[in-house]
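Trainee: Quick one: structure below, then a few questions.
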Amino acid sequence: MSKKPVLNIESLTFGYSKEKLLYEEFSLTLYEGEIVTILGPSGSGKSTLFELIAGNLKPMRGKIERERFSQVFQDPYSSFHPTYTIKNQIEDVADMAGYMELCDNMGFDQKLLERRPHELSGGQLQRASIIRALLMKPKLLLADEPTSALDNLIQLDVMKLLLRTLKSVGILMITHDRDLAKWCSDKIIELK
């Protein structure tokens, strides 16, 4: 049985001005079970690509088709409301079925879900962000530097967990970590 695409970008052209295009005739197909990594310096359009895929920006030309998606943001503090518990915020967007197993797999104490974002470390909050994204049952996971807030040992555990989800999801990841990209990616796209 062939894998189905979870993201298809055809002839994408986009720039904040017509004189300086970030993307010109850019195409990409990402399949279920695949991880594609975007590498590039700051300002090369990595985060802009995610904004285009999410529908927050409109391309000048081309088309983007995607399945149901969720996102893991680089800065976990900006992705949670400061006054509500983590659990309340996950329940607002996702079914909690399977959260205990996910917490265990990520070495994340379930009691931390009862706390507010400022009561967690950056690494704990990033793991909560990944748990939330996976509980949303996406077909496409957009991961913007998903392990940058984690120490090396936790980074490896988190990436192994993300790779185990690949049976049912395709991952498009942004990272500055070339070694991480080489280790886990089916394809690497380097932006200049």
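FYI, it's all coordinate maths here, none of it is from the lab. Source: prediction; values computed, not measured. All Cβ positions, even for glycine, are placed from backbone atoms using ideal geometry, and neighbour counts span all protein chains on display.
Trainee: Quick one: if the Förster radius is 41 Å, what FRET efficiency do residue 88 and residue 19 give, using the C-beta to C-beta distance and rounding to 0.05?
Mentor: E(calc), rounded to 0.05, equals 0.35.
Trainee: Next question. Given the peptides 177-189, 61-73, arrange them by the average over their residues of other C-beta atoms within 10 Å, most packed first. Don't skip to the end; give the middle numbers.
Mentor: On the way: 177-189: 15.1, 61-73: 17.1.
In descending order of packing, they fall as 61-73, 177-189.
Trainee: Any chance you could tell me what percent of the C-alpha pair distances in the chain go past 20 Å?
Mentor: That tail contains 55 percent of the Cα-Cα pairs.
Trainee: Related question: Can you tell me the mean projection area, over all orientations, of the convex hull of region 106-160's alpha carbons? Units nm², please.
Mentor: Mean projected area of the Cα convex hull: 4.0 nm².
Trainee: Using 7 Å Cα-to-Cβ label points, what is the residue 57/residue 179 separation (nm, one decimal)?
Mentor: Taking the simple label geometry, residue 57 and residue 179 are separated by 3.1 nm.
Trainee: If each of residue 44 and residue 109 carries a label point 7 Å out from its Cα toward its Cβ, how far apart are those two points in nm?
Mentor: 3.9
Trainee: Check which residues have an amide H placed less than 5 Å from residue 176's amide H, if you skip close sequence neighbours.
Mentor: Long-range HN contacts for residue 176: none found.
Trainee: What nm value, rounded to one decimal, do you get for the distance between residue 77 and residue 27 when each label is placed 7 Å out toward the C-beta?
Mentor: Each label point lies 7 Å from its Cα, and together they span 4.3 nm.
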